[in-house]
Amino acid sequence: MTPLDSVGRYQLEQRMKSGAHWFYWIAALSLVTSIISLSGSGWAFLVSLGVTQFIDAVANGVASQWGAGFKLLAFVFDLAAAGLFALFGYFAVKRQQWAFVAGMALYGLDALLCGLVGLWFGLAFHAYALFSIYGGYKAAAALAELDRHAPPPAPEPV
């Protein structure tokens, strides 16, 4: 392996990790937005999941009539959704291409929800995040291809 090869591999690894880390950001900012929303504020992050924002809005509306238990139920759902995206991040960082694909598919569906309810800035940010995650996926695929064609490691001296 030449120094140029190792630089190229390093750049691919950084691009792959950058794309994978988007899943962590999506999960974390969705939870923060849910906490803010369920506490009564109307403020949200653009990168948040549209589905959790929708569930939180429904829970806030229902809670005024039927009690705050609906907010707790909504937060449990929010935790599950954020946990799923954190799990995609975990496996994507480990170069599991399926995690990129599954995460992009679900986030794409979430983008459609944003578009259906008219969250246009959220939809635009979803598109940017998907583009960035896709860059990580392409880098993970390139690394897998490099690994398939790499010569076996030299045996350790005795």
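Couple of notes before you dig in:
- Helices (runs of 4 or more DSSP H) enclosed by segment 15-116 - at least 3 residues per element that are closer than 29 Å to Gly135 by Cα and either modelled with pLDDT of 95 or more or touching a Ser or Thr at 6+ places or on another chain (Cβ under 7 Å) (or both): 69-93, 97-116
- Cβ-Cβ under 9 Å pairs, at least 6 apart or on other chains, segment 6-22 side without any contact (Cβ under 8 Å) to a residue 40 or more places away in the chain and more than 17 Å from Phe88 (Cα to Cα), far side of a type outside the set (Ser, Thr, Tyr) and open to solvent by 50 Å² or more (accessible area, probe 1.4 Å): Gly8/Leu146
- Taking the criterion of being buried (at least 19 other Cβ atoms within 10 Å of the Cβ), under 30 Å from Ala141 (Cα atoms) and of a type in the set (Gly, Ala, Ser), the residues of segment 61-85 that qualify are Ala81, Ala82.
The values are calculated or read from the model by the stated rules, or taken from the named source; none is laboratory data. The structure presented is a predicted model; accordingly, all values stated were derived computationally and were not measured. Please note: Cβ atoms are built from the backbone with ideal geometry, for glycine as well, and neighbour counts cover all protein chains shown. Surface accessibility is based on the protein's heavy atoms, side chains included, excluding ligands, DNA and RNA. Shrake-Rupley method; radii C 1.70, N 1.55, O 1.52, S 1.80 Å.
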